[in-house]
Amino acid sequence: MIDLLIKNSTLITVNKDREILKNHSIAVKDKKIVDIAENGKLEKKYNGNYKVINGEGKFVFPGLINTHTHLFQTLLKGMGDNMSLEDWFPKMTAPSAVHLKKDDMYAAARLGILETIQSGTTTLVDYMYAHPQPKLSDPVIEGFKELKIRGIFGRGTHNTGQQFGNPEGIIQDIDTIEEDARRLLNEYHNSEDGRIKIWLAPAAIWTNSKKLLKLLWELAQEYNTGLTAHISETPFDRNASQEIHGDSDIKVLENLGLVGPEVLLVHCVHLTDRDKRMIKHYDMKVSHNPVSNMYLASGVSDVPGMIEREIKVSLATDGPASNNSQDMIEVLKSTALLHKVSSMDPTIITAEKVLEMATIDGAKALGMEDEIGSIEIGKKADLFIYNPRLSAKSIPINHPVSTLVYSGSDRCVETVLVDGNIIFDQGKLVTADQEEIITQGQKAADGLAKRAGLEYIKNREWASIAF
């Protein structure tokens, strides 16, 4: 007996042989993929009542994996236009962060998760670094639970960096940080049958003292979990770390021993060759955020060079305040085009490699490659069904991977499964009221802008050229 059969479809497996299986079916039972075979075979093999999805003319992909975002920033879309990171954080993001309330966090998380799911993403890493009030983490985790996405919650931290615009309102003392981190780890880590995990997430190396960084690493080791940090997003990050700690941000991690395969480095735009050798040596992983890097004009990360060094590079949207979207399909195309044009080499990266970065390489970045990231027997049934006929943009189809990467649209994401459960179907969220989430998201954004004194940005004049 099985729970679900998806039949008559083309499977883009991203398995070790990178097979594309035409006219195949998938059987799902107890959250996992239990069988894959040519059409007709599984119907004969399994008897009883189970749900059947006809995938004729459709493609089944592994669920996309977004290895870095900030869900609270869902309320800040369009507020950071025409700013560099040095202005964007102290002038817009930080002033908003100090006014966050639990209702804001819940509305932002649910809206961001909804958009995430709509683009075929089944696993999300949220990097929550703003804690102006106690227990602001919990509404995000509640959003994970309610909408049933696979969620990794990164408990972000700040305790220094005031001279660079880090506001007092989101700075916490080490004892408060440790107490809350332990609470989250004890209460939520590996909860929901392993679907929700807690990581540690120093916001930036220059916003954390060495004592705090060491504490976070000790907690990560004690609870057998991961650690993620913004690294060298701009020259400012390296320079601020140099002033506070006496070395570049990534070198500080090495000096303190915060290195290893369970460390996920975000951005990595301004690395030296030595930095890249170090990342490879310690088997640390990288989260590439191309849209955010372009939006803030932070620079172009040497992703092709890191891939040549066999560093595992995953993909992410980054927060909506530096992207204005949580659409991972958009990230696929942006990744390919950014590196082709910046290198002036159309062969530097392929659509297939970009899809790997968003699936199996993302799973490896999270230490979860045995569970997710590809369509294989024994893995979690985290996948999405792509119906190209739902948008003219995706027609005609000459190759399914190229279609998704270069002609993809979230309108074509028809069905999304996490742990074998259908959480999105026929363009609608199954687990919660989609319209209510959208309405509450707009209401929360309006209220936050007013409290933060940033309505002038919402009401700004037309800007043909920014000065």
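Here are the numbers for the structure shown:
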item: Count of residues meeting criterion [touching a residue at least 40 places away in the same chain (Cβ under 8 Å) and either over 17 Å from ASP126 (Cβ atoms) or in contact with a Cys (Cβ under 6 Å, 6 or more places away or on another chain) (or both)] in region 169-193; result: 5
item: Options GLY420, GLY453: the member that is over 25 Å from SER334 (Cβ atoms) and in contact with an Asp or Glu (Cβ under 8 Å, 6 or more places away or on another chain); result: GLY420
item: Number of positions in region 301-317 that are within 13 Å of the chain's Cα centre (by Cα) and not polar (S, T, N, Q); result: 3
item: Check on VAL14, surrounded by 15 or more Cβ atoms within 10 Å (Cβ to Cβ) and in a loop (DSSP other than H, G, I, E, B); result: yes
item: Residue ID - surrounded by the fewest Cβ atoms within 10 Å (Cβ to Cβ), chosen from residues in region 191-217 that are touching a helix residue (DSSP H, G or I) at 6+ places or on another chain (Cβ under 7 Å) and not hydrophobic (A, V, I, L, M, F, W, C); result: LYS211
item: Yes/no for GLY373 being modelled with pLDDT of 95 or more, surrounded by 18 or more Cβ atoms within 10 Å (Cβ to Cβ) and on the phi > 0 side of the Ramachandran plot; result: yes
item: Residue match in region 356-364 (condition: within 14 Å of VAL60 (Cβ to Cβ) and in the same structural domain as GLU56 (by TED's automatic domain parsing)); result: no
item: Hey, LYS58 more than 29 Å from the chain's Cα centre (by Cα) and either in the same structural domain as SER314 (by TED's automatic domain parsing) or under 30 Å from LEU111 (Cβ atoms) (or both) or not; result: no
item: Test for LEU355: is it of a type in the set (A, V, I, L, M), more than 16 Å from SER119 (Cβ to Cβ) and part of a helix (DSSP H, G or I); result: no
item: Some residue of region 71-84 being under 19 Å from the mean Cα position of the chain (by Cα), of a type in the set (Val, Ile, Thr) and under 19 Å from THR122 (Cβ atoms); result: yes
item: Scan of region 437-467 for residues that are out of contact with any helix residue (DSSP H, G or I) (no Cβ under 9 Å at 6 or more places or on another chain) and among the acidic types (Asp, Glu), ordered by number; result: GLU461
item: Test: residue in region 119-133 that is in the same structural domain as PRO90 (by TED's automatic domain parsing), out of contact with any helix residue (DSSP H, G or I) (no Cβ under 9 Å at 6 or more places or on another chain) and without any contact (Cβ under 8 Å) to a residue 40 or more places away in the chain; result: no
item: Some residue of region 102-121 being farther than 29 Å from LYS428 by Cβ and of a type outside the set (S, T, N, Q); result: no
item: Count of region 330-368 residues which are crowded, with 24+ Cβ neighbours inside 10 Å and touching a Leu at 6+ places or on another chain (Cβ under 9 Å); result: 12
item: Count of residues meeting criterion [under 13 Å from LEU42 (Cβ atoms) and of a type in the set (Ser, Thr, Tyr)] in region 2-27; result: 2
item: Residue check for SER96: small (Gly, Ala, Ser) and under 23 Å from the mean Cα position of the chain (by Cα); result: yes
item: Segments classed as helices (runs of 4 or more DSSP H), wholly inside region 202-315, with at least 2 members that are closer than 20 Å to ILE360 by Cβ and touching a residue at least 40 places away in the same chain (Cβ under 8 Å); result: 303-308
item: Candidate set from region 17-33 (those that are free of Cβ contacts under 8 Å to residues at least 24 places away in the same chain and outside any strand (DSSP E or B)); member that is surrounded by the fewest Cβ atoms within 10 Å (Cβ to Cβ); result: ASP17
item: Tally of residues being surrounded by 15 or more Cβ atoms within 10 Å (Cβ to Cβ) and not in a loop (DSSP other than H, G, I, E, B) across region 451-466; result: 2
item: Count of region 34-68 residues which are closer than 30 Å to ASP318 by Cα and in a strand (DSSP E or B); result: 9
item: Options ILE438, ILE423: the member that is buried (at least 19 other Cβ atoms within 10 Å of the Cβ) and either more than 18 Å from GLU115 (Cβ to Cβ) or outside the structural domain of LEU124 (by TED's automatic domain parsing) (or both); result: ILE423
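A quick yes/no check of all residues on (1) farther than 25 Å from ALA94 by Cα; (2) among the small types (Gly, Ala, Ser); (3) within 20 Å of the chain's Cα centre (by Cα):
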position: ALA181; (1), (2), (3): no, yes, no
position: ASP193; (1), (2), (3): yes, no, no
position: PRO202; (1), (2), (3): no, no, yes
position: TRP217; (1), (2), (3): yes, no, no
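The values are calculated or read from the model by the stated rules, or taken from the named source; none is laboratory data. Fair warning: this is a prediction, and the values are worked out from it, not measured in the lab. Heads up, the Cβs are rebuilt from the backbone with ideal geometry, glycines too, and the neighbour counts pull from every protein chain shown.
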